[in-house]
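Enquirer: Take a look at this one; I'll ask things after.
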Amino acid sequence: MGARKLPYDAASVVNRPQEDAILPRQVLDTQLVPEADRFDLWADFVVGATPASIWTDRATPFNAFAQLIDLGGVHLTSFRYPTLRTRRTARQIRQADAEMFQLALPIAGFSAISQARNESTIDQTGFTFFDSSRPYEAEHRVDEETYTSTICVRIPHARLPLSPDRVNRLLAASMPADRGTGGLLAQFLQQVAAHPEQYEPTEALRLGGVALDLVCATLARHADAEEALSPETRQQVTRLQVVQFIERHLARPDLDPAAVARAHHVSLRTLHRLFADEDETVAGLIRRRRLEHCRRDLRNPLLRDQPIHVIAARWGFPDPAHFSRAFRAGYGVPARDYRAGVAPTTGGPR
């Protein structure tokens, strides 16, 4: 079925959470309005200022959810909905054009898109890329009893540093989201979309910059256009790759700045320069994340029978005495007392 005109617009029923300590966002849950209006409300909200035609084959009440997070001009949207089909025509583009690129990642179900004589079908292991300024058709499909879910990042044309001929190669292309820079981008987008409450509103611009850098690096790699990336973008992506590497290898007792530098084929001096503007050094990051994991496990009731030294060794502290000193220095109390319920006296290791 297609959408009809409602006696009100989506903006009048969209929830804009006013929490001071959360990223600016808009949330729509169609279950909060009468069944007869749900699909049309959804279409109004999703289409917004970019006219498109939307259909669904689902005969049951149209239950869907949308969240839009504003990251300083870069928009991160997450959707949950039944099977849908979308078409944007040349006529609709002439009516209104926001000049946006979109990169979409299915979280459940699969998506198929066609644009500029290209087409692809993707699942949770791939991104697809398209341009709202050109006609396209898309389908998002799941079983009748389930819902599809998609995360999409929208970027203004002017902020993508790729030439038109490189961009045209990417339209309706399938790009890996389970490895390399694409995997890093997928993890980042899912983390922000799932847990906006973990970020302060003042972080929105920084998070938007990170998203843009990762999107640009992912697209440039797929289009063989990495020379178009700015030095700042390359540095940001490398820094994020380093952080991800550290997270994956915290259990290694030999994980230190020298090991990190070797794994990324850079000198130790270059590695330190990557983090020169950050709040902590590479060694400090490794120590903090190890201690945070240990702290979490010490309070986990499912692990209460595990000796402290076993927990410490699991997170890269094979020497119990060294761990004891590091934990006390970081949290102000001995690990044994913390496990017994004593509150830390410091904010944590830095």
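The values are calculated or read from the model by the stated rules, or taken from the named source; none is laboratory data. This one's a predicted model, so the numbers in the text were calculated from it and none came from an experiment. Using ideal geometry, Cβ is built from the backbone for each residue, glycine included, and neighbour counts are taken over all protein chains shown. Side chains included, ligands, DNA and RNA excluded: accessible areas come from the protein's heavy atoms. Shrake-Rupley method; radii C 1.70, N 1.55, O 1.52, S 1.80 Å.
Enquirer: I want to verify a result. In a Gaussian network model of the chain, Cα cutoff 10 Å, which of these has the top mean-square fluctuation: 22, 113, 54?
Expert: Of the options given, 22 has the highest mean-square fluctuation.
Enquirer: Which of the peptides 324-331, 223-230 is most tightly packed, and how do the rest follow, going by the mean number of other Cβ atoms within 10 Å of each residue? Kindly include the intermediate steps, with their values, before the conclusion.
Expert: Numbers: 324-331: 18.4, 223-230: 14.5.
Sorting 324-331, 223-230 by mean packing, highest first, produces 324-331, 223-230.
Enquirer: If you keep only loop residues by DSSP, which chymotrypsin sites (Phe, Trp or Tyr not before Pro) in region 80-161 have at most 11 other Cβ atoms within 10 Å of their Cβ? Kindly include the intermediate steps, with their values, before the conclusion.
Expert: Working: sites: 101, 110, 127, 129, 130, 136, 147; in loops: 147.
Counting only loop positions with at most 11 other Cβ atoms within 10 Å, none of the chymotrypsin sites (Phe, Trp or Tyr not before Pro) in region 80-161 qualifies.
Enquirer: Let me ask another. Summing Lys, Arg as +1 and Asp, Glu as -1, what charge do residues with Cβ under 14 Å from the Cβ of residue 171 carry, residue 171 excluded? Kindly include the intermediate steps, with their values, before the conclusion.
Expert: Numbers: positive: 88, 117, 134, 166, 169; negative: 119, 131, 137, 165.
Local net charge: +1.
Enquirer: How high is the relative contact order of the chain, given as a whole-number percent (alpha carbon pairs under 8 Å, six or more residues apart)? Write down the numbers at each step before the final one.
Expert: On the way: 616 pairs, mean separation 43.4, N = 350.
Value for the chain: 12 percent.
Enquirer: Here is a follow-up. Quick check: at a probe of 1.4 Å, how many percent of the accessible area of region 244-302 sits on carbon and sulfur atoms?
Expert: 50 percent
Enquirer: What does the net charge come to around residue 226 if you take all other residues with beta carbon closer than 11 Å to its beta carbon, with K and R at +1 and D and E at -1?
Expert: +1
Enquirer: Now for a separate question. Compute the signed sum of charges (Lys and Arg +1, Asp and Glu -1) over the other residues within less than 11 Å, Cβ to Cβ, of residue 99.
Expert: Working: positive: 134, 154, 159; negative: 97, 131.
Around residue 99, the surrounding residues sum to +1.
Enquirer: I would also like to ask the following. In the Gaussian network model of the chain, springs joining C-alpha atoms below 10 Å, which of 251, 211, 220 carries the largest mean-square fluctuation?
Expert: Among 251, 211, 220, the largest GNM mean-square fluctuation belongs to 251.
Enquirer: With +1 on each Lys and Arg Cβ and -1 on each Asp and Glu Cβ, how big is the dipole of the chain about its Cα centre, in debye rounded to the nearest 20? Let's see the in-between values first.
Expert: Values: 43 positive and 42 negative charges, 181 e Å.
In total the dipole reaches around 860 debye.
Enquirer: Something else: What does the helix-only formula give at 222 nm for the chain: each DSSP H stretch with n ≥ 4 adding -39500 (n - 2.57), the total divided by the residues, and the result rounded to the nearest 500 deg cm²/dmol?
Expert: Numbers: 12 runs with 130 residues, N = 350.
Dividing the helical sum by the residues of the chain leaves -11000 deg cm²/dmol.
Enquirer: Please state the Cα pair-distance histogram of region 14-179 with 5 angstrom bins from zero: what percent is in each bin?
Expert: Spelled out per bin, shortest first, that is 2, 8, 16, 21, 22, 17, 9, 4, 1, 0.
Enquirer: Additional query: Beta carbons within 10 angstrom, averaged per residue: use that to sort the peptides 281-293, 258-270, highest first.
Expert: Values: 281-293: 18.5, 258-270: 14.0.
Highest-to-lowest ranking by the protection proxy: 281-293, 258-270.
Enquirer: While we're looking at this one, here's another question. How large is the accessible surface per residue of the chain, computed with a 1.4 Å probe and reported in Å² as a whole number? Mind showing how you got there, number by number?
Expert: Details: 17590 Å² over 350 residues.
I get 50 Å² per residue for the chain.
Enquirer: Within region 143-202, which trypsin sites (Lys or Arg not before Pro) sit in a loop by DSSP and count at most 15 neighbouring Cβ atoms inside 10 Å?
Expert: Details: sites: 154, 159, 166, 169, 179; in loops: 179.
Qualifying residues, ordered by number: 179.
Enquirer: Any chance you could check the Cα centroid distance between region 157-180 and region 201-215 for me, in angstrom?
Expert: 18 Å
Enquirer: Also, quick follow-up: How many times 2.2 N^0.38 Å is the alpha carbon radius of gyration of region 257-340? Provide the component values of the computation, followed by the final result.
Expert: Details: Rg = 15.0 Å, N = 84, 2.2 N^0.38 = 11.8 Å.
In units of the 2.2 N^0.38 Å rule of thumb, it is 1.26.
Enquirer: OK, next. Which of 305, 279, 29 moves the most in a Gaussian network model of the chain with Cα springs under 10 Å?
Expert: 305
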